[in-house]
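Chemist: Before we start, here is the structure in question, set down as structure tokens.
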Amino acid sequence: MFKDVLVRFALGTARVYRHVSRSPWQQTPAASRVTVRSFTAVKDEVPPPFDSSLLEILVCPLSKKPLRYNPDTNELINEELGIAYPIIDGIPNMIPQDARLIGKDEPQTPAQ
Amino acid sequence: MAASVRTFVRSLSRKNAGFSAVLRLSDCRWFSGKAEERSTHFGFETVSETEKASKVYKVFENVAQKYDVMNDAMSLGIHRLWKDALLHVMHPQPGARLLDVAGGTGDIAFRFLEYVRSQQERQQRRAVLLGQTPSWQDVSDRYPDGGGAPESAVVVCDINKEMLKVGRQRADSRGVTTGLSWVVGDAEELPFNDDQFDLYTIAFGIRNVTHIDQALKEALRVLKPGGRFLCLEFSKVTNPVLERLYDVYSFQVIPVLGEVIAGDWKSYQYLVESIRKFPDQEEFKGLMEDSGFFCVQYFNLTGGVVALHSGFKL
């Protein structure tokens, strides 16, 4: 594991991508801050299994309705209110002020 | 219903500055008092409620990296005993689900996981002693590899990303991976459904919350019926002699330590002032009972320096 760390430091992000192709998790370098997390083998992507277990418990703090995980933008979306909560470094940010308003451009099939 | 409307309105007013003027007027008409213009205390200062939240956020953002070191220095390591006492009173059993609010660097979460695992081992040893030797299959099933359904889990919720980041680093360095989740959330508006958790703890966090009663109501909401609420917080010292010593220590020594170790006098000044502004043991017990907790009791630790409040949702 530490060899990976040293290699990572030495070779920078290029190595990260190459490493990712071997790992089962997808890399979404949305806000990749490579600094502090280098002591784990897994970088700042959100491993889907982890997120789905949290998804069962998490709801929108405003409406208390369940959220939809969007893996492309790495956000948790409340369609009803049209807001998306970002997931940074694998930690979902459920503060309403930090949520992004999404326009009603794609007409989704109503969840209810 | 009213609560959700209120929070929805609050959210809209927060998001759109121009809108907020209109909404604040309507806020006045619907609810008693103008939420954003009410003042509260930030240590010994008086600030508006919105200002308090952002000021508190900045305090913890500044201290996050040195938080654990400072805790050890300020309390001379006694904070570890307080947190151990919390776990002892909590006495969680395997399969319990804990929500640790304002749990930033994860002290309570780590202790919980250790405690539960040792409880599990204890149960297994007892089963062996009683001759109920489990087969290897049973033993391996009971081990939390990849998580079975009745698995003890802790969700650490904190409003401050920096504190959670430090917490996650500590988890990584301790090799704790399963049973632990991190969420950025507001104690007054928890992003969890009703009746989710067996245990709710808030250790040294509730005095930083702007609306304590709101946080208590949210705690009641997310707890399962029969769930327990536990709160560790600095409180009023009972012995007058100790109180004088404690005051001198708080105001003369702690900010200096803050400046020397963390390079931040003001944050630690805020910390000790906020302790003085927090309601005392009986008052907080009253607040809990008003919010709907039953069997509320408190234990004074270290002569009242810290109080451990416990209540149940029944």
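Chemist: Checking the condition open to solvent by 20 Å² or more (accessible area, probe 1.4 Å) and assigned to a strand (DSSP E or B), which residue from B:Asp213, B:Asp198, B:Asp247, B:Asp194 passes?
Modeler: B:Asp198 is the lone residue from the list that is open to solvent by 20 Å² or more (accessible area, probe 1.4 Å) and assigned to a strand (DSSP E or B).
Chemist: Considering the range A:58-98 alone, what residues qualify as being among the hydroxyl-bearing types (Ser, Thr, Tyr) and over 23 Å from B:Gln196 (Cβ atoms)?
Modeler: Passing the criteria: only A:Thr73.
Chemist: Being under 16 Å from B:Lys313 (Cα atoms) and facing chain A (nearest Cβ under 7 Å): is that true of B:Gln169 here?
Modeler: no
Chemist: Would you be able to tell me the number of residues in the range B:223-254 that are under 16 Å from the mean Cα position of the chain (by Cα) and among the charged types (D, E, K, R)?
Modeler: 2
Chemist: What about B:Gly258, is it part of a helix (DSSP H, G or I), open to solvent by 20 Å² or more (accessible area, probe 1.4 Å) and over 19 Å from B:Met90 (Cβ atoms)?
Modeler: Criteria not met by B:Gly258.
Chemist: Could you pull out the residue among B:Lys277, B:Lys313, B:Lys224 that is over 20 Å from B:Ile159 (Cα atoms), in contact with a Pro (Cβ under 7 Å, 6 or more places away or on another chain), touching a residue at least 24 places away in the same chain (Cβ under 8 Å) and among the charged types (D, E, K, R)?
Modeler: None of the other options fit; the residue is B:Lys313.
Chemist: Right, something else. Could you please find all residues in the range A:57-105 being more than 9 Å from chain B (Cβ to nearest Cβ) and part of a loop (DSSP other than H, G, I, E, B)?
Modeler: Answer for the range A:57-105, where residues must be more than 9 Å from chain B (Cβ to nearest Cβ) and part of a loop (DSSP other than H, G, I, E, B): A:Lys65, A:Pro71, A:Asp72, A:Thr73, A:Asn74, A:Glu79, A:Glu80, A:Gly82, A:Ile102, A:Gly103, A:Lys104, A:Asp105.
Chemist: Give the residue that is surrounded by the most Cβ atoms within 10 Å (Cβ to Cβ), with candidates limited to residues of the range B:159-191 that are assigned to a helix (DSSP H, G or I) and of a type in the set (S, T, N, Q).
Modeler: Among residues in the range B:159-191 that are assigned to a helix (DSSP H, G or I) and of a type in the set (S, T, N, Q), the one surrounded by the most Cβ atoms within 10 Å (Cβ to Cβ) is B:Gln169.
To keep it simple, each residue is scored yes or no on (1) within 14 Å of another protein chain (Cβ to nearest Cβ); (2) in contact (Cβ under 8 Å) with a residue 40 or more places away in the chain.
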{"residue": "B:Val176", "(1), (2)": "yes, yes"}
{"residue": "B:Leu190", "(1), (2)": "yes, yes"}
{"residue": "B:Asp194", "(1), (2)": "yes, no"}
{"residue": "B:Thr201", "(1), (2)": "no, yes"}
{"residue": "B:Ile212", "(1), (2)": "no, yes"}
{"residue": "B:Leu257", "(1), (2)": "no, yes"}
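Chemist: Kindly indicate the residue of the range A:84-104 that is more than 8 Å from the chain's Cα centre (by Cα) and charged (D, E, K, R) and also modelled with the lowest pLDDT among those meeting that condition.
Modeler: So the residue we want is A:Lys104.
A quick yes/no check of all residues on (1) modelled with pLDDT under 85; (2) in a helix (DSSP H, G or I); (3) crowded, with 17+ Cβ neighbours inside 10 Å:
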| position | (1), (2), (3) |
| --- | --- |
| B:Ser26 | yes, yes, no |
| B:Glu37 | yes, no, no |
| B:Lys52 | no, yes, yes |
| B:Asp68 | no, yes, yes |
| B:Met74 | no, yes, yes |
| B:Asp84 | no, yes, no |
| B:Val89 | no, yes, no |
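The values are calculated or read from the model by the stated rules, or taken from the named source; none is laboratory data. What you see is a predicted model; the values in this text were computed from it and never measured. Cβ coordinates were reconstructed from backbone atoms using ideal geometry, including for glycine residues, and neighbour counts include every protein chain displayed. For the accessible areas, the whole protein counts, side chains as well, though only heavy atoms, and no ligand, DNA or RNA atoms are used. Shrake-Rupley method; radii C 1.70, N 1.55, O 1.52, S 1.80 Å.
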